[in-house]
1. Being closer than 17 Å to Lys45 by Cα, more than 16 Å from the ligand (Cβ to nearest atom) and of a type outside the set (Phe, Trp, Tyr) is the requirement here; does Leu162 meet it?
2. Considering Val89, Val94, which residue is in contact with a strand residue (DSSP E or B) (Cβ under 9 Å, 6 or more places away or on another chain) and surrounded by fewer than 21 Cβ atoms within 10 Å (Cβ to Cβ)?
3. Taking the stretch 111-134, which residues are more than 15 Å from Leu78 (Cα to Cα) and among the polar types (S, T, N, Q)?
4. Please find, within the stretch 66-113, the residue that is farthest from Pro139 (Cα to Cα) out of those that are within 16 Å of the ligand (Cβ to nearest atom), in a loop (DSSP other than H, G, I, E, B) and free of Cβ contacts under 8 Å to residues at least 60 places away in the same chain.
5. Looking at Asn169, Asn126, can you tell me which residue is at pLDDT 95 or above and surrounded by 24 or more Cβ atoms within 10 Å (Cβ to Cβ)?
6. Considering only residues that are outside any strand (DSSP E or B) and closer than 23 Å to Thr27 by Cα, look in the stretch 56-65 and name the one that is nearest to the ligand (Cβ to nearest atom).
7. Pick from the stretch 11-33 the residues that are polar (S, T, N, Q) and either in contact with an Asp or Glu (Cβ under 8 Å, 6 or more places away or on another chain) or not in a helix (DSSP H, G or I) (or both): which of them is farthest from Val71 (Cα to Cα)?
Amino acid sequence: MTDIRATLRSVSLENPTVLPAGILGITAASLKRVAASGAGAVTTKSIGPQRREGHKNPVVVEVNGGLLNSVGLSCPSLEESIEELTSAVKESRVPVIASFYGRSIDEFGLVAAQVSKAKPDFIEANISCPNIEDEYGKPFGTDHRFAAAVTEKVKDSSKIPLIVKLTPNVPDIKVIAAAVEEAGADCISAINTLGPGMLIDLSSGKPVLSNRFGGMSGPAVLPVAVRCVYEIYDTVDVPIIGMGGIQSGLDAVQMLMAGASAVGIGTAVWKRGPEVFNVVSGELTRFMQVNGYRSLKDLIGRAHQ
Ligand code: SIN
């Protein structure tokens, strides 16, 4: 019998696939739909301290190997987001992760306290969006001192287990991972989008995205994500949700072997629909059967042996 159940701290997942923040995660109905399609856990779109329009269209463009996005963390009001989150927590058949952000360290604390009232299984601090500036003019996740300060503030503000989402856009992701673990993070998710990158429209001669630059996701970033997860696993003891470019069960196997305990699938949902969660779980199971792996524990971190 092949067992693909995953564990993140004390939370059990029927399978290791996770809907990451930013895809189909605004309403309880869409989160429930993704859960019903086979995701092992679902994450809300990042919830902010107040309603935010985000950047003007176009905010997403397809490029070779994936997508560039610069949505700009658009979100409904905090009250509306918490209403949807509360319904999702009550009605979802799988664990719910509430992603959130603030523009300052104090705002991270305030929003963490508010979203925690809905009692999600985890809260996830998004300190890694490349498309907006925080009060220091760069994502908190690019500096280990700020990353740790946000983590500490959130831990002081909430009793819900905390995931901190890291950016690959740093010279050494190990330093950031160590800092957030030391500051109290219960799990790490990695990676947020790569870059930022840029695409220029040849007829107008202008950048395609209204915000000019955007974060890259999709299959082209998989090797970067696998390397980041590998380095984080070498550095910390907390579980890792590995994400970035996973499209198939075999991509998921790589991520697990690098050290992830669960795997996020985002851009592939955009391309192939929520059915991709069942496809990835099926392919993962078949790989394990053919190669004699009985449970995920046999795969997780195998590349380090
Ligand atoms: C965005 O809203 O611009 C993307 C979100 C993220 O990268 O965290």
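The values are calculated or read from the model by the stated rules, or taken from the named source; none is laboratory data. From a predicted model like this one, the values you see are computed outputs, not experimental measurements. Note: ideal-geometry Cβ built from the backbone for every residue, glycine included; neighbour counts use all protein chains shown.
1. Numbers: closer than 17 Å to Lys45 by Cα: yes; more than 16 Å from the ligand (Cβ to nearest atom): yes; of a type outside the set (Phe, Trp, Tyr): yes.
Judged against the criteria, Leu162 is a match.
2. Values: Val94 fails: surrounded by fewer than 21 Cβ atoms within 10 Å (Cβ to Cβ).
Among Val89, Val94, only Val89 is in contact with a strand residue (DSSP E or B) (Cβ under 9 Å, 6 or more places away or on another chain) and surrounded by fewer than 21 Cβ atoms within 10 Å (Cβ to Cβ).
3. Asn126, Ser128, Asn131 - these are the residues of the stretch 111-134 that are more than 15 Å from Leu78 (Cα to Cα) and among the polar types (S, T, N, Q).
4. Pro76
5. Values: Asn169 fails: surrounded by 24 or more Cβ atoms within 10 Å (Cβ to Cβ).
Just one listed residue meets the conditions, Asn126.
6. Filtering the stretch 56-65 down to residues outside any strand (DSSP E or B) leaves 56-59, 64-65.
Now drop any that are not closer than 23 Å to Thr27 by Cα, which leaves 56-59.
Values: Lys56: 12, Asn57: 13, Pro58: 13, Val59: 7 Å.
Step by step, filter the stretch 56-65, then rank; the result is Val59.
7. Taking the stretch 11-33 first, the residues polar (S, T, N, Q) are 12, 15, 17, 27, 30.
Remaining after also requiring either in contact with an Asp or Glu (Cβ under 8 Å, 6 or more places away or on another chain) or not in a helix (DSSP H, G or I) (or both): 12, 15, 17, 27.
Numbers: Ser12: 32, Asn15: 29, Thr17: 24, Thr27: 17 Å.
Among residues in the stretch 11-33 that are polar (S, T, N, Q) and either in contact with an Asp or Glu (Cβ under 8 Å, 6 or more places away or on another chain) or not in a helix (DSSP H, G or I) (or both), the one farthest from Val71 (Cα to Cα) is Ser12.
A quick yes/no check of all residues on (1) without any contact (Cβ under 8 Å) to a residue 60 or more places away in the chain; (2) of a type in the set (D, E, K, R):
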{"position": "Ser204", "(1), (2)": "yes, no"}
{"position": "Val208", "(1), (2)": "no, no"}
{"position": "Asn211", "(1), (2)": "no, no"}
{"position": "Pro223", "(1), (2)": "yes, no"}
{"position": "Asp237", "(1), (2)": "yes, yes"}
{"position": "Ile241", "(1), (2)": "no, no"}
